[in-house]
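Laboratory data are not the source of any read-out in this text; all were calculated from the coordinates shown. This is a predicted model, so every value here is computed, not measured. Please note: Cβ atoms are built from the backbone with ideal geometry, for glycine as well, and neighbour counts cover all protein chains shown.
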Amino acid sequence: MDRSQITPFRQRYLTVVCVVLLALALLAAGCTSKDATSSATTSKSSQADQSAAPVDGVQNGDLVEIEYTGTLANGSVFDSSKDRGAFQFVVGTGTAITGFDNEIRGMKVGQAKKFTLTPEQAYGQYDPSLIKSMPIDFIPTSEKANVTIGDTITLFNGQAYFPATIIAMNETNVTFDLNSQLAGQTLTFDVTLVNLTPAVEVQKMMSQLEQEQSQSVQIPVDAADQKQTTSNQTGTGTKTV
């Protein structure tokens, strides 16, 4: 859950743009992760949206807005929308962890719910094979002096960014723990569905956005062609058919 990290030690988030060819399941996608969805245009709930909401509650493809508090088995809070605002995601897109996504389905606007997820439904069991040693050059030279054991930095595997915790380092190598900090944890969530945009409306919004983007594309004009065009328009050149 890249938006919900427990902080047992000092963490400094740095962007390390490096291609990591690792065969692993990215566990960085938590119940409040992948901000590509939450960075989309946010609209307030309207009477039209509410009336269009499916009578069966949240369905696949719906855009939902969730207020939540997440706690560990010992009762401590590891994340809350009170700290960062409501979590928005499109159901069924893999934006949220599997168990969270499944539990939201069928909920109706205004409904509150409490549920507990096993590690398998959340971030999986802790996997020792996700301890990886890599060349120290994976950390930019300008940042090497600023990071230390216990820091969490961001790696890039060519497709997505994900957090990695430094557990050892020397002059030549750095060892990362690629497990989520919530791996192996049983998580309990208190959630309230505060808004729902039906899938059909989401599709319309996406189509409109794609149309606007395609219309705003500017085709580069070669400088020579532009000069010729200007010449033709002013009558100082010969018009070519």
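Treat each spin label as a single point 7 Å out from the Cα along the C-beta direction, and report the THR141 to VAL77 distance in nm.
Taking the simple label geometry, THR141 and VAL77 are separated by 4.5 nm.
Before anything else, pin down the relative contact order of region 101-181: Cα pairs under 8 Å, at least 6 apart, normalised by residue count, whole percent. Let's see the in-between values first.
Details: 86 pairs, mean separation 23.8, N = 81.
That works out to 29 percent.
Distance check, please: which entries in LYS132/LYS204; LYS108/LYS132; LYS113/LYS204; LYS82/LYS132 exceed 32 angstrom between their Cα atoms?
From LYS132/LYS204; LYS108/LYS132; LYS113/LYS204; LYS82/LYS132, over 32 Å: LYS132/LYS204; LYS108/LYS132; LYS82/LYS132.
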